[in-house]
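The values are calculated or read from the model by the stated rules, or taken from the named source; none is laboratory data. If you're wondering where the values come from, they're calculated on a predicted model, not measured in any experiment. Here Cβ is always computed from backbone atoms with ideal geometry, including for glycine, and neighbour counts include all displayed protein chains. We work out accessible area using only protein heavy atoms, side chains counted, and drop any ligands, DNA or RNA first. Shrake-Rupley method; radii C 1.70, N 1.55, O 1.52, S 1.80 Å.
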Amino acid sequence: NNAAPLFTVKDLLWFAYLYPFRTLAGRMPRGILHGLGKMADPLVQLRSGSQRASAVQAMLTAGISPERAALAGRQFISNATVRILDDLLMISGKGAPQAHVEGLDQLERARSQQRGVLLLSVHTYATRLAKRYMGEAGYPILTVRNQRPPDLLAGRLGRRYLQPRYMEFLHEVIQDEVYIQDPECSLKILKRLRSGGLVNIHLDAPRTAASLLEWPFLGALRTFPSGPFDIVRVSKCAVLPMFCGGCSTG
């Protein structure tokens, strides 16, 4: 897009994150890294005001009280900072601490059908960390992901040079993944399921879907990608919801 500026504040933050800060993070204790994130939180909250307001409005529509919605809206933005710090920790090899997992009995029952398990989630901030932990615990999960998500806040230099580097960085974090742009994406998903494996798809990313479904959810009509339902129909796999909370400090 030639109308975009040459570079933006987002590009400068991207550069600092991918290069000097990544190097420093590998040498920092986990507590100090998260302490820096808390110090930066007021600036992040200020910069993300419109995103926070959108989240709060969605919660108000769902019937959540204004006080709880405002608190959750701030936490929503803070969690995004925690997530990118934990990505740095995973890259540095420090990994996740001991975690508490609920519902493993349900997962084992689903796996016993030997048709694979589709784990449906939304973009909660600890998903990548939780899947890394599950993989190390003997439950490897294939992540389905958009390789080129749109970024309206990036400038021309950021989109050309930094966004591809960030996608490479995320691949180092996620490791076990398939991109929706891959012509064999569906086949790779079905192969994992038919071998009895686990696949994770986010259900709240409709903008990239070729076909959408509309359904009442949390007080309003929402759009969902139809792809996961098609996969279930074809593979006859089990389906479980997955929610991931917490961070690398607990």
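Scan segment 230-239 and give yes if some residue there is under 28 Å from Ile84 (Cα atoms), open to solvent by 80 Å² or more (accessible area, probe 1.4 Å) and either free of Cβ contacts under 8 Å to residues at least 40 places away in the same chain or not small (Gly, Ala, Ser) (or both), otherwise no. Steps first, answer last, please.
Here is the first cut: in segment 230-239, the residues under 28 Å from Ile84 (Cα atoms) are none.
No, segment 230-239 has no match at all.
Is it fair to say Leu85 is over 30 Å from Leu190 (Cα atoms) and either open to solvent by less than 60 Å² (accessible area, probe 1.4 Å) or free of Cβ contacts under 8 Å to residues at least 24 places away in the same chain (or both)? Don't jump to the end; show me each part of the working.
Numbers: over 30 Å from Leu190 (Cα atoms): yes; either open to solvent by less than 60 Å² (accessible area, probe 1.4 Å) or free of Cβ contacts under 8 Å to residues at least 24 places away in the same chain (or both): yes.
Yes: the conditions hold for Leu85.
Sort through Ser78, Ser50, Ser121 and tell me the only one that's in contact with a strand residue (DSSP E or B) (Cβ under 8 Å, 6 or more places away or on another chain) and closer than 26 Å to Arg222 by Cβ.
After applying the criteria, what remains is Ser121.
For the structure I just gave you, tell me whether Asp41 is under 14 Å from Arg160 (Cβ atoms) and in contact (Cβ under 8 Å) with a residue 40 or more places away in the chain.
No: the conditions fail for Asp41.
Spot the failing condition for Thr127; the list is (1) in contact (Cβ under 8 Å) with a residue 12 or more places away in the chain; (2) closer than 21 Å to Arg222 by Cα; (3) out of contact with any Lys or Arg (no Cβ under 7 Å at 6 or more places or on another chain), and only one is missed.
Only one criterion in (1) in contact (Cβ under 8 Å) with a residue 12 or more places away in the chain; (2) closer than 21 Å to Arg222 by Cα; (3) out of contact with any Lys or Arg (no Cβ under 7 Å at 6 or more places or on another chain) is unmet by Thr127, namely (2).
Within segment 55-75, work out how many residues are open to solvent by 50 Å² or more (accessible area, probe 1.4 Å) and within 15 Å of Leu218 (Cα to Cα).
Summing the residues that are open to solvent by 50 Å² or more (accessible area, probe 1.4 Å) and within 15 Å of Leu218 (Cα to Cα) in segment 55-75 gives 5.
Name the residue, out of Ala58, Ala70, that is out of contact with any strand residue (DSSP E or B) (no Cβ under 9 Å at 6 or more places or on another chain) and more than 18 Å from Cys244 (Cα to Cα).
When all the criteria are applied, what remains is Ala70.
Yes/no matrix, rows are residues, columns are (1) modelled with pLDDT of 85 or more; (2) in a helix (DSSP H, G or I):
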residue	(1), (2)
Asn1	no, no
Ile77	yes, yes
Ala99	no, no
Glu102	yes, no
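Could you go through segment 231-238 and let me know if any residue there is part of a loop (DSSP other than H, G, I, E, B), more than 20 Å from the chain's Cα centre (by Cα) and modelled with pLDDT under 95.
No, there is no match, as no residue in segment 231-238 is part of a loop (DSSP other than H, G, I, E, B), more than 20 Å from the chain's Cα centre (by Cα) and modelled with pLDDT under 95.
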